[in-house]
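Just below is one structure, and these are the notes that go with it.
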Amino acid sequence: MLYTDAVLASLEHRYTITKAPGVAAPAAQQDPAIAETVTRMLLDIERRGLDAVREYARTLDRWEGGDFELDAAAIAASADRIPADLRDAIDLGAERTQAFARAQRDRLVDFETEPVPGLVTGVKYVPVSRVGAYLPAGRFPLTASAFMTVGVAKAAGVDTVVACSPPQPDGGANQAVLYTAYVSGVDRFFVVGGVQALAAMAFGLLGELPVDMLVGAGNAFVAEAKRQLFGRTAIDLLAGPSEVAVIADESADPEIVAADLLGQAEHGPNSPAALVTTSPELAAAVESAVERQLRTLATSAIAGPAWRDYGSITVADSRETAVALMDDLAPEHLELITADDDWYHARLRNYGSVFIGPWSTVAYSDKGMAGTNHVLPTAGGAKHSAGLSASRFVKPLTYQRIAKEATPALAHAVQVISDSEGMAAHSATATMRLDRLENTVEASA
């Protein structure tokens, strides 16, 4: 079901699903067979180290031996191996994404406050030391991934960012992905893919200490590896298939709405695409436009099944109902194409990133041109989590500096609470300081 029973009941059926998904919308990558395979691989790699990584690379990546790492010259040479217009577009995406990330980082400022005289508390933002970025390069190489992972980490102040990307049929790296990592500031680049790549970064098998954080998209095995490695390292988020949702009304162009729905359905045959509209006429027009566009779409073999099995159109009786339905769906990408986008924007709470107005489209962020991050929560995760940003790569470390004269404002209450809990040692840390303060005062009298 697309929306939860509780939300549907609360709306008292003030909606009509004119086009429902053929199967239940996917929650996340939760295949027990995949989980078992990944567990076995991680345990094997942890036990046997780089030998196991090489073995899996031969079997799964068709790796033919040699060094996984590309040297600095090979990384830089990627600039000459891609078309000039692609190079210029990548340069532009890197510049905009890092500029947005720096603007985010600049707003995370250290501060101090003094709630009572002599008690100073504060926060210092400190970047993590080492990040491992996985850069997918399969059927669709997702060229912009390094903008969002490598580039944002470097903008946040991370010292060392290593990247892994699966080899191409010729055994080398995808040159566009490599160049994107290069201009994003990658420190080291390894041509190795899948579970073995994440394990190598997490276990410190690539000539670096284990990374503190793993980031980047990937297939179901990569997502499961990140899930199982979480705790040993931090991760950006657990993402399932890419999603798009649109709120539109009678003012929207059905051809544009249809194109934007298919733009994300193209990611994979299980990518959900949802339209919520207050206009029955628009609902019918969009459904027709999608079918018409699929007839000539080069990737219809992917987008078609996604729309058939995971696409939906819902007609709501009011914009309030549309907001409630969309907040429960909590999509990864949300587009607003209405006569009053600001009204919706002010009220919606749950989405990974929102694209406001008919001139906005998800692809502008997907390819790095908007500057915002496209590593976003899926499968309802936007109800509790935000996407990747500069803030995810820094730790807000708190501190306290307490002067002698502030002791009475702290110690007595700590003693009372500790005594009530039966924690005598905690109590003593406060009462000893009270005793010493009193002795100091008496000695100076």
Close pairs from the range 263-275: first in contact (Cβ under 8 Å) with a residue 12 or more places away in the chain and in a loop (DSSP other than H, G, I, E, B), partner of a type in the set (S, T, N, Q) and open to solvent by less than 10 Å² (accessible area, probe 1.4 Å), Cβ under 6 Å, at least 6 apart | Ser271/Gln264
Just a yes or no: is a residue in the range 122-140 closer than 15 Å to Asp91 by Cα, out of contact with any Ser or Thr (no Cβ under 7 Å at 6 or more places or on another chain) and at pLDDT 95 or above?
-> no
Would you please name the residue that is nearest to Pro166 (Cα to Cα), looking only at residues in the range 194-213 that are in contact with a strand residue (DSSP E or B) (Cβ under 8 Å, 6 or more places away or on another chain) and part of a helix (DSSP H, G or I)?
-> Ala197
Restricting attention to the range 321-342, does a residue exist that is of a type in the set (Ser, Thr, Tyr) and either under 15 Å from the mean Cα position of the chain (by Cα) or under 12 Å from Glu243 (Cα atoms) (or both)?
-> no
Which condition breaks for Ile402 when tested against (1) surrounded by fewer than 20 Cβ atoms within 10 Å (Cβ to Cβ); (2) under 20 Å from Pro241 (Cα atoms)?
-> (2)
From (1) on the phi < 0 side of the Ramachandran plot; (2) surrounded by fewer than 12 Cβ atoms within 10 Å (Cβ to Cβ); (3) at pLDDT 95 or above, pick out the condition that doesn't hold for Gly422.
-> (1)
Mind checking which residues of the range 152-181 are in a helix (DSSP H, G or I) and either aromatic (Phe, Trp, Tyr) or modelled with pLDDT under 95 (or both)?
-> Tyr179
Need at least 2 residues that are surrounded by fewer than 18 Cβ atoms within 10 Å (Cβ to Cβ) and of a type in the set (Val, Ile, Thr) per element, so show me which strands (runs of 3 or more DSSP E) inside the range 81-151 make the cut, counting only ones lying wholly within it.
-> 111-116, 119-127
Only one of these is surrounded by fewer than 23 Cβ atoms within 10 Å (Cβ to Cβ), closer than 21 Å to Gly138 by Cα, over 15 Å from the mean Cα position of the chain (by Cα) and not basic (Lys, Arg): Ala176, Ala200, Ala163. Name it.
-> Ala176
Residue by residue through the range 223-235, note down the ones that are at pLDDT 95 or above, among the aliphatic types (A, V, I, L, M) and assigned to a helix (DSSP H, G or I).
-> Ala225, Leu229
Candidate set from the range 345-370 (those that are open to solvent by 10 Å² or more (accessible area, probe 1.4 Å) and of a type in the set (Ser, Thr, Tyr)); member that is farthest from Arg87 (Cα to Cα) | Tyr351
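The values are calculated or read from the model by the stated rules, or taken from the named source; none is laboratory data. All of these numbers come straight from a predicted model, not from anything done at the bench. Cβ: placed from backbone, ideal geometry, glycine included. Neighbour counts: every protein chain shown. Note: areas computed on protein heavy atoms with side chains; ligands, DNA, RNA excluded. Shrake-Rupley method; radii C 1.70, N 1.55, O 1.52, S 1.80 Å.
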